[in-house]
Amino acid sequence: MCGIFGYVGRRVDAGSLAIDGLKSLEYRGYDSWGVACKTGNTLTIQKETGKISAVDPADFGTACSIAIGHTRWATHGGVTKENAHPHLNETSTIAVVHNGIVENYEELKEDLKRKGHTFRSDTDSEILPHLIEEELKTRDANTEKSESVSGDFTAAVRRACLRLSGRYAFLALHTESQTLVAAREGSPLIIGVDTDGYFIASDIPAFLAHTRTVQYLDDGEMIATDGKTILFLDIRTGHEVRKREIEISWSVKQTQKGEYRHFMLKEIMDQKDSIARAINQDEEEIRTIAQAIKHAQGTFLVGCGTAGKACVAAEYFFSVLAGHHVNYAPASEFKLFHHFLKPESLLIVVTQSGETADVLEAMKIAKAKGSKVLSIVNVQGSTVARESDYTLLINAGPERAVASTKALTGQMAVLLLIAYALADKLQEGKLLLLETSEMINDMLNPRYVEHLEALADTIKRHENLYIIGKSWNYPMALESAIKIQEVSYIHAEGFAGGELKHGPIALIEKGTPCIVLTGKDEVTADILSNARELSARGAFIIGVSPERKEVFDEWIKVPDAGAAQAIVNIIPIQILAYFLAVKRGKDPDMPRNLAKSVTVK
Ligand code: G6P
């Protein structure tokens, strides 16, 4: 949800660095972009609507060693050039890029207007440079007087932060200072430490080509850096905070498309080995976590979107394999269940990015009750990963496409492993998942992909599509619907097979494509019977199954993976969704209205 980037240091191509960095953050927002470069005491601002991918970094060749930039996902105010960041203060001496929402912006704006400030955009973000400007004016009345403009600027930013409520991460520049100042409360900001200077960005891929050494900014903290040194401060007290440097294991290659046209297809194909990486966990740790679940007084699962579907699948894994009851709620609904949390309860948080606002909120609620938090996360060092009592990394590598694919199967693999550990059958679970990983590797061959491409051609003109499943294939029906909706814009809905005759079956017409997800288990007969009910009403039945069944008009063969069937079955649907998008002329990596990392509530 909005990507921000900043550089200060010895390099003189900060403008081009900003454009390149923002391109790798484009999955966080792509309706408009902007960059501010400072040369001498002059700020050059360039901003436009549209995608930054089309911009040539070479056009930002003006020698400049300090720059900030932004790629936007609109929250307050439409997609216009005026609303694009950076925003400036009254005298155009301060530039700010911001991610998040300033909840008290109306009140602050009114106050600033009374003091003579005028505003050019409809955004909440624009109040930030004005507020900093106002705080700079009051420095004389303040005890935080400094010898330098930079010191005054940093202190003014800090005082401005104290007046904000809501979630934010922002970067600020001043024409009179060579210091880049950044602050964080609720939205991610990571520092990349290079020999030549410092990068500051919403996510690591933005500077991974330059450095793998990072420092994390936590909520309620800010930094001031001139490119040679960096100062971390506690926003509330103004005291210095000590930070460690951490080496990141991701490589640049992992963040690139390579031979693929889109990240979505590349990431689907990454599942040839990402599941094996996900289950490569410390066995003792998995057993400890299983014990924590066993002894917890109430285990709750939360996630959003695709990660939420992994949670629903886990409800089945825990129940069917270990006879253990866990409760799932979408993270955005979790606060309504806070009465059931005790210090002895456990919250399991599932998230790719580790930065989703609703997930962070759920964690906060659990922590306030003294409950323990286990997180299953992809992004190493993310807020969720750092703030949990136990963290399991799924090691899927960077996921860039908005539609989550390999993160989902990694999350489900880890959850399935825990369910097996809970049933005291960890080795059995590990073996099953290793075999499943090999079977997926075999399945993802060019012929298989071509078959799904051809199927996408057959059904691409339909505007409605339904998916059914039972047991752990039910959450996969829900996930299939999300995947198809978000990239192809076909109206797709997933149902539990048994629910059909209670309403949804009224939607079926002659030729309506209906996908049936099944395995070879005790619920297969039931779901096939539901498929026949659809077929009898004229539906075109696409069966995803280890075996061909007579009710299928089209069969997508999948390996028989037993309890890991859900992991296997979702993969052909991811490929189908990808080709439906491409064949309908949509960009699967950047679906309209969506962002990869939802850092606002
Ligand atoms: C957004 C993304 C989804 C993702 C969800 C949760 O909606 O588009 O792909 O599943 O956020 O994100 P998280 O990073 O918490 O898994």
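Pairs over the 24 Å Cα-Cα cut-off, from the set K294/K372; K483/K583; K257/K406; K38/K253: K38/K253. Here the contact order of the range 445-601, divided by its residue count and restricted to Cα pairs under 8 Å and six or more residues apart, works out to 27 percent. State whether the range 3-248 is rounded, prolate or oblate according to the following rule on the C-alpha gyration tensor (a ≥ b ≥ c being the square roots of its eigenvalues): a/c under 1.5 gives rounded; otherwise a/b larger than b/c gives prolate, and the remaining case gives oblate. Since a/c stays below 1.5, the shape of the range 3-248 is classed as rounded. Each Cα pair under 8 Å and six or more residues apart adds its separation to the average, and for the range 393-516 the resulting relative contact order is 20 percent. Between the Cα long axis of helix 14-23 and the first principal axis of the chain there is an angle of about 20°, rounded to the nearest 10.
Modelled this way, with points 7 Å down the Cα-to-C-beta line, the labels at D282 and R261 are 4.4 nm from one another.
Put simply, when 41-47, 337-343, 100-106 are sorted by average Cβ atoms within 10 angstrom per residue, most first, you get 100-106, 41-47, 337-343.
Do any cysteines of the chain lack a neighbour Cys whose Cβ is under 4.7 Å away, and which are they? Cysteines lacking a close Cβ partner in the chain: C2, C161, C304, C311, C514. Against the main long axis of the alpha-carbon atoms of the chain, helix 127-137 sits at an angle near 30°. Extension gain for D234 to D56 (0.36 nm times residue separation, less C-alpha to C-alpha distance): 60.3 nm. Report, in degrees rounded to the nearest 10, the 0 to 90 angle that the Cα long axis of helix 305-322 makes with the longest principal axis of the chain. Computed tilt is about 50 degrees. Bridgeable lysines around K520 (alpha carbons under 17 Å apart, same-chain partners fewer than 8 residues away excluded): K470, K549, K557.
For the range 494-601, the list of GluC sites (Glu not before Pro) that fall in a loop by DSSP and count at most 16 other C-beta atoms within 10 angstrom reads E509, E522, E547, E550. For the chain, averaging the sequence separation of C-alpha pairs within contact (under 8 Å, six or more residues apart) and dividing by the residue count gives a relative contact order of 12 percent. Counting every other Cβ atom within 10 Å of each residue's Cβ, D196, D226, D152 order from fewest to most as D196, D226, D152. Computed across the range 445-601, the Kirkwood hydrodynamic radius from all distinct Cα-Cα pairs reaches 15.6 Å.
Per-residue Cβ neighbour counts within 10 Å put R158, R120, R277 in the sequence R120, R277, R158, beginning with the fewest. Helices in the chain, meaning DSSP H runs of at least 4 residues, each add -39500 (n - 2.57). Divided by all residues, the mean residue ellipticity at 222 nm is -11000 deg cm²/dmol.
Taking neighbour counts of Cβ atoms within 10 Å as a proxy for exposure, in what order, fewest first, do D203, D521, D457, D13 appear?
By the 10 Å Cβ count, ascending, the order reads D457, D521, D13, D203.
The Cα-based radius of gyration and maximum Cα-Cα distance (Dmax) for the chain are 25.2, 83 Å. In terms of its alpha-carbon gyration tensor, the range 170-291 comes out oblate; a/c meets the 1.5 threshold, while b/c is at least as large as a/b.
For a straight C-alpha distance cut-off of 15 angstrom, the aspartates and glutamates reachable from K51 (same-chain residues fewer than eight places away being disregarded) are D20, E26, D31, D587, D589.
Readers should treat all values here as calculations from the given coordinates under stated rules, not as data from a laboratory. Computed from a predicted model, the values in this text were never measured in an experiment. Glycine gets a Cβ as well: all are built from the backbone with ideal geometry, and neighbour counts include every protein chain shown.
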